[in-house]
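Data block below; observations after.
What follows is calculated from the coordinates using simple rules that are stated; it is not laboratory data. Source: prediction; values computed, not measured. Reconstructed Cβ throughout: ideal geometry from the backbone, glycine too, with neighbour counts over all protein chains shown.
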Amino acid sequence: MSLHDRPPETPRTLRSAVESICNAWNCQPRAAIILGTGLGGFVDSMQLQTCIDYRSLPGFPQATSIGHRGQLACGRLADTPIVAFQGRVHLYEGYRFAEVTLPVRIAWELGAEMLLVTNASGGVNPLLSVGDIVAISDHINLMGRAVAPGSTAIEKPDQPPFEPLCESPAEPSFGGRRSLGYCPRLLRAILQAGRAARAPIVPGVYVGMLGPNYETRAEYRMARRLGGDVVGMSTIPEVLEANRLGLRVAGLSTVTNVAHPDRLDKTSGAEVAQAAADAAADLGRTIAAFLTNAGTGAPQ
Amino acid sequence: MQELWGQIADAVARIRQVWNGNVKAGIILGTGLGGLVDQMTVEAAIEYEEIPHFPRSTAVSHRGRLVLGALAGVPVAAMEGRFHAYEGYPLQAITLPVRVMKALGAELLVVSNASGGMNPYYSAGDIVVIDDHINLMGDNPLVGINDDRLGPRFPDMSQPYDRRLTERALEIARRGDIVAHRGVFVAVLGPNLETRAEYRFLRLIGADIVGMSTVPEVIVAAHCGLRVLGLSIVTDMCLPDCLEPANIARIIATANGAEPHLRKIVTGVLAAEWPH
């Protein structure tokens, strides 16, 4: 089936995907994590209880790009129940906004309180190094496709379209369209957790481009001049959707290459995936420390 | 992108019915630049509507045919008239001719356009040898599931415009006493021209000239491994603090006036790449 013939998502497809997950893993996750390029290895640090192949989830888009597996890992990390989407789909693969953001709606339906989005990015801030972790403080959307034409995805229903199968999160302190995007409290907690985990972590601004080509030198300079620290091709759709639903969001980006537009080296997908995999241990420790703090109510 | 492979084969098969040569360079002629074809030894020409899967050119001052023959003794395929995103065509359709030229044997792509000059050191009628670009069209011709037979999923764009061709073009301009600059091109969707605030914005992000084409073709050329030379004629100056309403007739007249310069650069670069 070509990408263009796919049926649109309906409340029913979302419900049946959530049902399949609840049948396989009867637990309410506190956090949902979307794992980006090369970060699938994070799952090894979880106490896995079950893994659900994306193909067994009705209507779930299939990842086509390198460095992305396609399964939902359910289990515990630092004693906290979590689900990790191991592999994501991107707008550049031709998927619609509504499809790219389906995992976020699933996380919400499962009752998660927060969404952790991760990705691999190119640094445009020259102070960054390969392997650094950027805790995303804000983003600039240059993807040209916040919402697909004709999509109703941005309209938040007053009520979920049906009775949630799992308990829904308490009314969030941030939410709605004028939300803060990335929760400042989570940002502080993540930075603290990263330092505790001895990970090279700094706050920064993420610039989202549609891709799939890597940026030209002129585009890197533009991203820097506009106030960006890292550039990538994902994350923003999920964050917009999480905000719409009232899920608190934290974003972590591993810097897989640093663009120096005045002496730019070539970038290859394989190198990016490798650099991300190398940084996965730091990322895993950071997330574990963050969830530990969140779970024990340690100061944030 | 899965259907592209078959579309390329269909288009090539149709072209092969009228012409059996082996292309070395592809040329895309932009607004007002169609005259370059007069310099060619034309062996065959085929209207776009006769080529399967090709869109039709609807823009002002664009014919709509693929001309096959020789320029400066080098076998070329020249697109007399190009397609724009603002005409409503998907970028994948707009860039199909680039892939077809590659399939006909092209190693090199010359793209030309008419642009608005934002760098205050430029003047209407100057040539800009495009050094780099910024894609602000809000779209990309490579969106979709990648066909690895056509090119990589994540093409590198650290140097989409070939350094050697760029240097050569500037050298030919200097020898011919042609005013030519090295500049950054920014592509916007159009079709309206930019507001003053948009010109300031585009200048701020590092662009020297602005237009509504070329970047999709160059992205696809990078994807399929063509060396690219980008040439732009500055057809009007877009200085936000003394902006005049755009006059399309004058823009086309400026493009036509500068066209001999462009012609000299293109033939000079081709002759230098494939000396007799």
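Determine the pairs where a residue that is on the phi > 0 side of the Ramachandran plot, located within the range B:64-89, has a partner that is charged (D, E, K, R) and not in a strand (DSSP E or B) with Cβ atoms under 7 Å apart, the partner being 6 or more residues away or on another chain.
Qualifying pairs under 7 Å: B:Gly81/B:Arg63.
Among the residues of the range A:66-95, how many are within 14 Å of chain B (Cβ to nearest Cβ), buried (at least 18 other Cβ atoms within 10 Å of the Cβ) and in contact (Cβ under 8 Å) with a residue 60 or more places away in the chain?
7
Mind telling me which of the residues B:Asn113, B:Asn119 ends up being under 19 Å from B:Ala255 (Cβ atoms), more than 7 Å from chain A (Cβ to nearest Cβ) and assigned to a loop (DSSP other than H, G, I, E, B)?
Testing whether each residue is under 19 Å from B:Ala255 (Cβ atoms), more than 7 Å from chain A (Cβ to nearest Cβ) and assigned to a loop (DSSP other than H, G, I, E, B) leaves just B:Asn119.
Give, as residue ranges, the helices (runs of 4 or more DSSP H) completely inside the range A:197-300 that count at least 2 residues that are farther than 28 Å from B:Phe201 by Cα and of a type in the set (A, V, I, L, M).
Correct list: A:236-245, A:269-296.
Does any residue of the range B:126-136 turn out to be in contact with a His (Cβ under 8 Å, 6 or more places away or on another chain), acidic (Asp, Glu) and surrounded by 18 or more Cβ atoms within 10 Å (Cβ to Cβ)?
Yes - at least one qualifying residue is present in the range B:126-136.
For the range A:273-284, check the following and say yes or no: at least one residue is more than 19 Å from the chain's Cα centre (by Cα) and within 24 Å of A:Gly75 (Cβ to Cβ).
Within the range A:273-284, not a single residue is more than 19 Å from the chain's Cα centre (by Cα) and within 24 Å of A:Gly75 (Cβ to Cβ).
Which of the residues spanning the range B:140-158 are within 7 Å of chain A (Cβ to nearest Cβ), surrounded by fewer than 23 Cβ atoms within 10 Å (Cβ to Cβ) and within 19 Å of B:Gln7 (Cβ to Cβ)?
Answer for the range B:140-158, where residues must be within 7 Å of chain A (Cβ to nearest Cβ), surrounded by fewer than 23 Cβ atoms within 10 Å (Cβ to Cβ) and within 19 Å of B:Gln7 (Cβ to Cβ): B:Val143, B:Gly144, B:Ile145.
Do any residues in the range A:241-267 that are within 14 Å of another protein chain (Cβ to nearest Cβ) have Cβ atoms under 6 Å from those of residues that are among the aromatic types (Phe, Trp, Tyr) and in a loop (DSSP other than H, G, I, E, B), where the two are at least six apart or on different chains, and which pairs are they?
Taking only residues 6 or more apart or on different chains, the pairs are A:Thr267/A:Tyr214.
Name the residue, out of B:Val215, B:Val228, B:Val220, B:Val186, that is over 19 Å from A:Tyr92 (Cα atoms), within 11 Å of chain A (Cβ to nearest Cβ) and crowded, with 18+ Cβ neighbours inside 10 Å.
B:Val186
Out of B:Met118, B:Met1, B:Met40, which single residue is of a type in the set (A, V, I, L, M, F, W, C) and free of Cβ contacts under 8 Å to residues at least 40 places away in the same chain?
Sole residue among the options that is of a type in the set (A, V, I, L, M, F, W, C) and free of Cβ contacts under 8 Å to residues at least 40 places away in the same chain: B:Met40.
Tally up the residues in the range B:122-139 that are in a loop (DSSP other than H, G, I, E, B), at the interface with chain A (Cβ under 8 Å from one of its Cβ atoms) and not small (Gly, Ala, Ser), please.
2
Go through the range B:194-210 and report how many residues are in contact with a strand residue (DSSP E or B) (Cβ under 7 Å, 6 or more places away or on another chain) and either surrounded by fewer than 24 Cβ atoms within 10 Å (Cβ to Cβ) or on the phi > 0 side of the Ramachandran plot (or both).
Summing the residues that are in contact with a strand residue (DSSP E or B) (Cβ under 7 Å, 6 or more places away or on another chain) and either surrounded by fewer than 24 Cβ atoms within 10 Å (Cβ to Cβ) or on the phi > 0 side of the Ramachandran plot (or both) in the range B:194-210 gives 3.
For the range A:70-114, enumerate the residues that are small (Gly, Ala, Ser) and out of contact with any Lys or Arg (no Cβ under 6 Å at 6 or more places or on another chain).
Listed by number, the residues that qualify are A:Gly70, A:Ala73, A:Gly75, A:Ala78, A:Ala84, A:Gly94, A:Ala98, A:Ala107, A:Gly111, A:Ala112.
Given (1) surrounded by 24 or more Cβ atoms within 10 Å (Cβ to Cβ); (2) without any contact (Cβ under 8 Å) to a residue 24 or more places away in the chain, identify the lone condition not met by B:Val98.
With (1) surrounded by 24 or more Cβ atoms within 10 Å (Cβ to Cβ); (2) without any contact (Cβ under 8 Å) to a residue 24 or more places away in the chain applied to B:Val98, the lone miss is (2).
Which residue, of A:Tyr206, A:Tyr220, A:Tyr182, is away from chain B (no Cβ under 14 Å), surrounded by 21 or more Cβ atoms within 10 Å (Cβ to Cβ), in contact with a helix residue (DSSP H, G or I) (Cβ under 8 Å, 6 or more places away or on another chain) and under 24 Å from B:Ala187 (Cβ atoms)?
Just one listed residue meets the conditions, A:Tyr206.
Does B:Tyr161 satisfy being touching a strand residue (DSSP E or B) at 6+ places or on another chain (Cβ under 6 Å), part of a loop (DSSP other than H, G, I, E, B) and within 10 Å of another protein chain (Cβ to nearest Cβ)?
yes
Which of the residues spanning the range B:191-209 are touching a residue at least 24 places away in the same chain (Cβ under 8 Å), within 14 Å of chain A (Cβ to nearest Cβ) and over 16 Å from B:Ile127 (Cβ atoms)?
B:Arg200, B:Leu202, B:Arg203, B:Ile205, B:Gly206, B:Ala207
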